[in-house]
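Here is the structure we will look at.
The values are calculated or read from the model by the stated rules, or taken from the named source; none is laboratory data. For clarity, every value in this text was computed on a predicted model and none was experimentally measured. Cβ placement follows ideal geometry from the backbone for every residue including glycine, while neighbour counts extend to all protein chains displayed.
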Amino acid sequence: MDASVWITLGLTLKVAAWATGINLILGTAIGWLLANRRFPGRELLDAILTLPFVLPPTVLGYYLLVVIGRNGWLGRWLNDTFGITLIFTWQGAVIAASLVAFPLVLKSARAAFEGVDPQLEKAARVLGLSEWAVFFRVTLPMAWPGILAGTLLVFARSLGEFGATLMVAGSIPGKTQTLSIAVYEAVQAGQDSIANMLVVITSVTCIVVLLLAGRLAPFRPTR
Amino acid sequence: MSFDVDIMKTVGDARRRFQLQVKFTMQARRTVIYGPSGAGKSLTLQALAGLLQPDSGRISFADQVLYDSAQGTWVPARRRAFGYLFQDYALFPHLNVRQNIAFGLAPGLRNPSIAVAGEAVEHWLQALDLGEVAAQRPAELSGGQRQRTALARALVNSPRALLLDEPFSALDPELRTRTRTELDLLLARVGIPMLMITHDPEDLEWFGEQALYLRDGRISERRAAD
């Protein structure tokens, strides 16, 4: 078997894992904020952060180029100040995958936090806990199954990200070429056996992730 | 004297407004605030516990000022050291009975382990007959066991007073009488002041050494004519 396939799989898993980690932390924090704090523009923020769900990935990719591209306002600053370039790197692919998959964890986390019985948090406060302790000992454990289900969907979505990733990170074999892009390249080049194998690997990985997510999603804490 | 209360709180929006204006002094070891649902009982109890900040007024307990809008004083719930029994008990569903009871003894960021032990935990497990279900989660308990777990959790920290929100309403009628007797004995043993809110006249009869009547957000010493 072609060794480059395994390099591509490894790179894809690395990108998906980073995107999942970033989304887990950001999605939990912002999901909690949207569920528990009232502030002006709350629903607008939710709508903007949900946009990646409905916008074409190429549009997202274009937005990312405008922001982190060589001449983008953040990209130029990063390059001038730190000498960091994100375009055509695997880190750029992580940013693209994170952005595209973010609504999945945000929606799950917000719904999970909104489903936590406020009486339990009150009980914890009366028993002497600080607000941080209430969060880590009651709120987060109660919301965790929902957050975890959303996080697994993020992982599956990141594995298959194509459009935004191609625009931001390109298709450099062994460097930024992920599975979904490699499938496209293989088909274009008429390498059907490689395409077949890549498609099977991608499908099996996604099915496993969805099965795991399905096992967690129906969990409802009993009172 | 234990509680001395004079507070105002308005809740709701422009269409549905409810104004709570409560003034009373607790003059007995056992005081019951009796009133129909929607009279403001829960709001009052939550204000005493520190779970709800009034708009104005003053709350003190045994010479300690817990809330004073004029002075800007507000002691948060976690520093008030009261036991609170919630109407549906609010047991932590992800923790077993033992962990629920020990919950308030560990103030840090981590929950007690599933085998948490200690003199206080063992004492209350035995005292409330929960030894056999110590490793079970709340979902596996009977109504009476849940209530006893919630009581043990509230009492394990040696609170200064016990606040009870409709403590028997979630129980079967047959169980209520037995549980009232048990609570009666328990209160006599721990010897701390108790304030109960209820809409059940029998609770008032059993525990109302001092009876206060709450209706439409106001308290009176006498029962309003129905």
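Filter the range B:160-210 down to residues that are outside any helix (DSSP H, G or I) and of a type in the set (S, T, N, Q) and give me whichever is farthest from B:His123 (Cα to Cα). Let's see the steps before the verdict.
Taking the range B:160-210 first, the residues outside any helix (DSSP H, G or I) are B:160-172, B:191-200, B:208-210.
Subsequent filtering for residues that are of a type in the set (S, T, N, Q) retains B:169, B:198, B:210.
Numbers: B:Ser169: 27, B:Thr198: 29, B:Gln210: 31 Å.
Across the range B:160-210, the extreme among qualifying residues is B:Gln210.
Looking at the range A:57-77, is at least one residue in contact (Cβ under 8 Å) with a residue 60 or more places away in the chain and either within 27 Å of B:Leu163 (Cβ to Cβ) or out of contact with any Leu (no Cβ under 9 Å at 6 or more places or on another chain) (or both)?
yes
Given the range B:27-133, what strands (runs of 3 or more DSSP E) lie entirely inside it while holding 2 or more residues that are within 24 Å of B:Asp172 (Cα to Cα) and either within 13 Å of chain A (Cβ to nearest Cβ) or out of contact with any Asp or Glu (no Cβ under 8 Å at 6 or more places or on another chain) (or both)? Reasoning before the result, please.
Values: elements: B:30-34, B:56-61, B:64-68, B:83-85.
Output list reads B:83-85.
Say whether the condition of being surrounded by 20 or more Cβ atoms within 10 Å (Cβ to Cβ), of a type in the set (Gly, Ala, Ser) and within 14 Å of another protein chain (Cβ to nearest Cβ) is met by at least one residue in the range A:52-70.
No, because not a single residue in the range A:52-70 is surrounded by 20 or more Cβ atoms within 10 Å (Cβ to Cβ), of a type in the set (Gly, Ala, Ser) and within 14 Å of another protein chain (Cβ to nearest Cβ).
Given A:Val116, A:Val168, which one is surrounded by 20 or more Cβ atoms within 10 Å (Cβ to Cβ), part of a loop (DSSP other than H, G, I, E, B) and of a type in the set (Val, Ile, Thr)? Reasoning before the result, please.
Working: A:Val168 fails: part of a loop (DSSP other than H, G, I, E, B).
Every option except A:Val116 fails the conditions.
Name the one entry in B:Val75, B:Val121 that is touching a residue at least 24 places away in the same chain (Cβ under 8 Å) and buried (at least 20 other Cβ atoms within 10 Å of the Cβ). Steps first, answer last, please.
Working: B:Val75 fails: buried (at least 20 other Cβ atoms within 10 Å of the Cβ).
One residue alone meets the criteria, B:Val121.
Residue by residue, here is whether (1) among the β-branched types (Val, Ile, Thr); (2) farther than 26 Å from A:Ala124 by Cβ; (3) surrounded by fewer than 20 Cβ atoms within 10 Å (Cβ to Cβ) holds:
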position: B:Val116; (1), (2), (3): yes, no, yes
position: B:Arg137; (1), (2), (3): no, no, yes
position: B:Gly144; (1), (2), (3): no, no, yes
position: B:Leu164; (1), (2), (3): no, no, no
position: B:Arg178; (1), (2), (3): no, yes, yes
position: B:Glu202; (1), (2), (3): no, yes, yes
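Would you confirm whether or not the range A:104-112 contains a residue that is farther than 22 Å from A:Val66 by Cα, within 14 Å of chain B (Cβ to nearest Cβ) and at pLDDT 95 or above?
Taking the range A:104-112 first, the residues farther than 22 Å from A:Val66 by Cα are A:104-112.
Subset that is within 14 Å of chain B (Cβ to nearest Cβ): A:112.
Right, trim to at pLDDT 95 or above and you get A:112.
Yes - at least one qualifying residue is present in the range A:104-112.
Suppose we filter A:Leu148, A:Leu129 for residues that are of a type in the set (A, V, I, L, M, F, W, C), within 14 Å of chain B (Cβ to nearest Cβ) and outside any helix (DSSP H, G or I); which single one remains?
Unique residue meeting the criteria: A:Leu129.
Modelled with pLDDT of 95 or more, within 14 Å of chain B (Cβ to nearest Cβ) and not in a helix (DSSP H, G or I): is that true of A:Val138 in this structure? Don't jump to the end; show me each part of the working.
Values: modelled with pLDDT of 95 or more: yes; within 14 Å of chain B (Cβ to nearest Cβ): yes; not in a helix (DSSP H, G or I): no.
For A:Val138, the condition - modelled with pLDDT of 95 or more, within 14 Å of chain B (Cβ to nearest Cβ) and not in a helix (DSSP H, G or I) - is not met.
Which condition from (1) within 14 Å of chain A (Cβ to nearest Cβ); (2) under 20 Å from B:Leu91 (Cβ atoms); (3) within 19 Å of the chain's Cα centre (by Cα); (4) of a type in the set (Lys, Arg) is the one that B:Arg160 breaks?
(2)
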